[in-house]
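Reading through the structure tokens given below for one structure.
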């Protein structure tokens, strides 16, 4: 098991190892992962909203 997996499971015993691993993560990659997570959460919330309201997404050409 990797240090990150142990950390996620709450089984980390040596915090200095985690710091070393986190320092190796590329900031651009971290930003991309953050954006992907945000988009996934947004899609999930939108699907839940559409299910609850019974509406369907037609998209694009709506006028306000």
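Data table
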quantity: For 21, 26, order by how many other beta-carbon atoms lie within 10 Å, fewest first; calculated: 26, 21
quantity: Cβ-Cβ FRET estimate between residue 19 and residue 42, R0 fixed at 35 Å, reported to 0.05; calculated: 0.65
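Readers should treat all values here as calculations from the given coordinates under stated rules, not as data from a laboratory. Note that the coordinates shown come from a computational prediction; the quantities given were computed from them, not determined experimentally. Note that we place each Cβ from the backbone using ideal geometry, even for glycine, and neighbour counts take in every protein chain shown.
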